[in-house]
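K.L.:
The following block contains the structure, expressed as structure tokens.
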Amino acid sequence: MADIIDGKAIAEDVVAKVKTQTATLAEHGVTPGLAVVIVGEDPASQVYVASKSRRAKECGFHSVQHSLPAETSEDALVALVEELNADPAIHGILVQLPLPGHIDEARIIQTIDPDKDVDGFHFINVGRLGTGALDSAFVPCTPAGAMLMLERVRGRDLSGLSAVVIGRSNIVGKPMANLLLAANATVTVAHSRTKDLPALAATADILVAAVGRPEMVRGDWVKPGATVIDVGINRIPAPEKGEGKTRLVGDVAFAEAKERAGAITPVPGGVGPMTIAMLMANTLTSAFRTAGLEPPAF
Ligand code: GUN
């Protein structure tokens, strides 16, 4: 039976460190500032954004939230981002995605000052990560959190280990592959066009699933002793809990996979809680850099 990697506990460790380091920054007269921008009324986004703002306050940050109506123009959103770029009290800017259809997401992301881009979505940060310039990059929060969990099991140096990442999104799959490569793993990125995915997955010492398909990765895809990182968060019907009820599952069939894996992240309580914790870590890092101080390692 696999060890279960407790994302909630690791996220609490990260947040505890953020709080301590925020107190250190206060001695230099600096308070980390995070601005979260949401456009429209998407209920899931509202919940995410509220918890980001709440966590930021809990960390002792200057936390501002801009909630704009769905009909906000692209130019008005660009103007707000430019205002936040110029505001010295703000170290991190997060524009919640998806944006309404009439707004060009790429233009908005590229308007964010790369040195305040705590989501790590700007081309400059993608390039920094891709070239291994991790000292100046912001790394997207979900893969950054997944790496911290992996580190608890495998350490920082993954030399000699093979990693298979299933999924090639810009937000998770590609940055995850770059992080694994930077940690010396031998990395394969698999996706919907990959031939014989189960056989490929079964070669992996480290298996990362980030496809958004409930329980797609079966137990017999897992190499005995592998570390399995499940990034999926899928809501599926749960008639056994009552009519109309749902439950969360990952991209991995957990009950099967845990019989073969050496260690595995659960859903919920795995990678999910790490994402917001890493947003706090990135915002703190930004404030340290702006102050000309060495940021703490997480
Ligand atoms: N929507 C879902 N996840 C994310 C994220 O990590 N960052 C932003 N900006 N929007 C999201």
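Computed from the coordinates by the stated procedures, all read-outs in this text should not be read as laboratory data. Since we're looking at a predicted model, the values are computed, not measured. Reconstructed Cβ throughout: ideal geometry from the backbone, glycine too, with neighbour counts over all protein chains shown.
K.L.:
Got the relative contact order for the chain handy, in percent, Cα pairs under 8 Å and 6 or more residues apart?
P.N.:
Numbers: 611 pairs, mean separation 65.3, N = 298.
Once normalised by length, the contact order is 22 percent.
K.L.:
OK, next. Taking only Cα atoms, what is the 0 to 90° angle, nearest 10, from helix 141-154's long axis to the longest principal axis of the chain?
P.N.:
Orientation of helix 141-154: about 50 degrees from the principal axis.
K.L.:
Take the chain, connect every pair of alpha-carbon atoms lying under 10 Å apart with a spring to form a Gaussian network, then pick out the residue of ASP251, ASP13, ASP117 with the largest mean-square fluctuation.
P.N.:
ASP13
K.L.:
Give me P(r) over the chain, computed from all C-alpha to C-alpha distances, binned every 10 Å, as integer percentages.
P.N.:
So the P(r) values, bin by bin, are 6, 27, 34, 24, 9, 1.
K.L.:
Further question: What number comes out for the charge environment of VAL211, summing +1 per Lys or Arg and -1 per Asp or Glu over other residues with Cβ under 12 Å away? Please report the intermediate quantities before stating the final value.
P.N.:
Values: positive: ARG168, ARG213; negative: GLU215, ASP230, ASP251.
Surrounding charge for VAL211 is -1.
K.L.:
When DSSP beta bridges are limited to those with both residues in the chain, what percentage is antiparallel, rounded to the nearest 5?
P.N.:
Values: 4 of 33 bridges.
Bridges in the chain are about 10 percent antiparallel.
K.L.:
While we're here: How big is D for the range 148-298, in µm² s⁻¹ as a whole number, if Stokes-Einstein is applied with the Kirkwood radius of its Cα pairs at 25 °C and 0.890 mPa s?
P.N.:
Numbers: Rh = 16.4 Å.
Approximately 150 µm²/s, per Stokes-Einstein.
K.L.:
Turning to a different aspect of this structure: Based only on other Cβ atoms within 10 Å, what is the fewest-to-most ordering of LYS52, LYS258?
P.N.:
Details: LYS52 22, LYS258 19.
Fewest-to-most ranking of LYS52, LYS258: LYS258, LYS52.
K.L.:
A further question follows. Straight-line reach from LYS57: which lysines have a Cα under 20 Å away, not including same-chain ones fewer than 8 places off?
P.N.:
LYS8, LYS17, LYS19, LYS116
K.L.:
Which GluC sites (Glu not before Pro) from the range 214-261 combine a DSSP loop assignment with at most 14 other Cβ atoms within 10 Å?
P.N.:
On the way: sites: GLU215, GLU240, GLU243, GLU256, GLU259; in loops: GLU215, GLU243, GLU259.
Sparse-neighbourhood loop GluC sites (Glu not before Pro): GLU243, GLU259.
K.L.:
If I fit a long axis through the Cα atoms of helix 173-182 and take the longest principal axis of the Cα atoms of the chain, what angle between them do I get, 0 to 90°, rounded to 10?
P.N.:
80 degrees
K.L.:
While we're here: Can you tell me the order of 106-114, 159-167, 172-180, 277-285 when each peptide is scored by its average per-residue count of other Cβ atoms within 10 angstrom, highest first? Write down the numbers at each step before the final one.
P.N.:
Values: 106-114: 17.6, 159-167: 21.0, 172-180: 24.2, 277-285: 27.6.
Order by mean packing, descending: 277-285, 172-180, 159-167, 106-114.
K.L.:
Using only Cα atoms and rounding to the nearest 10 degrees, what angle (0 to 90) does helix 74-86 make with the longest principal axis of the chain?
P.N.:
Tilt of helix 74-86: around 80 degrees.
K.L.:
Convert each backbone phi in the range 24-35 into a coupling constant with the Karplus relation 6.51 cos²θ - 1.76 cosθ + 1.60 (shift: θ = phi - 60°), then list the ³J(HN,Hα) values in order as whole Hz, x for Gly and Pro.
P.N.:
Once θ is set to phi - 60°, the couplings for the range 24-35 become 4, 4, 4, 5, 9, x, 10, 10, x, x, 10, 10 Hz.
K.L.:
Let me ask something additional. Take each of the peptides 25-35, 204-214, average the number of other beta-carbon atoms within 10 Å over its residues, and list them starting from the highest. List each step's numbers first, then the result.
P.N.:
On the way: 25-35: 18.0, 204-214: 22.7.
For the peptides 25-35, 204-214, the packing ranking is 204-214, 25-35.
K.L.:
Shifting gears a bit: Need the C-alpha centroid separation for the range 227-298 versus the range 171-217, integer Å.
P.N.:
Answer, in whole Å: 16.
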